[in-house]
Amino acid sequence: MSAHDVVLPLSPVDADFVLADLDPDSTPGMESKKAAEKELAAGRESLDSLQERLFAESRFGGERSVLLVLQAMDTAGKGGIVRHVVGGIDPQGVHIHAFKAPTDEEKEHDFLWRIRKQLPGHGSIGVFDRSHYEDVLIHRVRGFSSPEVIEERYGIINEFEAEVVASGTTIVKVMLHISKEEQKARLEERLDRPDKNWKYNPGDVDERLLWNDYQEAYQIALTRTSTPDAPWFAVPANHKWYARWAVQGLLLDAMTRLDPQWPAADYNVEAEKARLAAS
């Protein structure tokens, strides 16, 4: 896949989107695992090249960047996206941050305070493993904030993301959608395999018991905060190979639209060649 042959397999979430109608086992736009893995490998080089050009542009005054926001139920494959999609990019050009439960210091500020601190710098690709959306997802399901506060936050998030985009950051928001059955199988694997026991968290089962509540919370968050500035993409994720291919396609599309160019030399190239030859 070249940087100029990107075909988006999915449409942005709109007001008519129904999460329950999206089959987590589907693979729209891709016929086989073998073909997806082949394109994924080819796309890594394109992504790396595009990011390097974006970084070079920033060294000469460019102020653009990209932010990939990953949200999902536990075990949906966020870590695999980071390794297999973003992992092929020069680490110096990537800023990854996994948002956990807020610290005491973070709780003393508004919910976007810690988010603003982790926004990508000029020329880089930022990745949020979970994000500010936890404050309208788990807060809604667990009642950590009042319905009135949560309702207000949808608008605050939209305004915040519009500001981020206006500052030069392209936002790619992805919800990895797995089925309850697939999550159970992945949790069972974490318990069955000693090399994966460390990934298991007993609290995952507690959250799983609230599956329907989380699906409702995602439905509301996706449709309320999918905007022209920062649309959501819901990616079927029962097949890890498909989710990785689809997310790479979304990133490639965003980077290709930016179309960063190598900066022109601000010196006389031929004169420098002559000076170097004579040195």
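For the reader, a short list of remarks on this structure follows.
- The number of residues in region 189-242 being among the polar types (S, T, N, Q), open to solvent by less than 60 Å² (accessible area, probe 1.4 Å) and assigned to a helix (DSSP H, G or I) comes to 4.
- Within region 105-119, no residue that is touching a residue at least 60 places away in the same chain (Cβ under 8 Å) sits with its Cβ atom under 7 Å from a residue that is in a loop (DSSP other than H, G, I, E, B) at 6+ positions apart or across chains.
- Near pairs, Cβ below 7 angstrom, 6+ apart or cross-chain, from region 18-33 (closer than 11 Å to Ala246 by Cβ) to any residue that is among the hydroxyl-bearing types (Ser, Thr, Tyr) and in a helix (DSSP H, G or I): Thr27/Tyr242; Met30/Tyr242
- Residue within region 179-200 that is under 17 Å from the mean Cα position of the chain (by Cα) and modelled with pLDDT under 95 present: no
- Counted residues, region 145-188 - those being open to solvent by 50 Å² or more (accessible area, probe 1.4 Å), of a type in the set (S, T, N, Q) and farther than 23 Å from Val86 by Cβ: 0
- When we screen Asp135, Asp129 for residues that are under 29 Å from Pro260 (Cα atoms), buried (at least 17 other Cβ atoms within 10 Å of the Cβ) and among the acidic types (Asp, Glu), the only hit is Asp129.
The values are calculated or read from the model by the stated rules, or taken from the named source; none is laboratory data. Predicted model only: the values in this text are computed from it and were never measured. Heads up, the Cβs are rebuilt from the backbone with ideal geometry, glycines too, and the neighbour counts pull from every protein chain shown. Note: accessible area is taken over every heavy atom of the protein model, side chains too, but ligands, DNA and RNA are not part of it. Shrake-Rupley method; radii C 1.70, N 1.55, O 1.52, S 1.80 Å.
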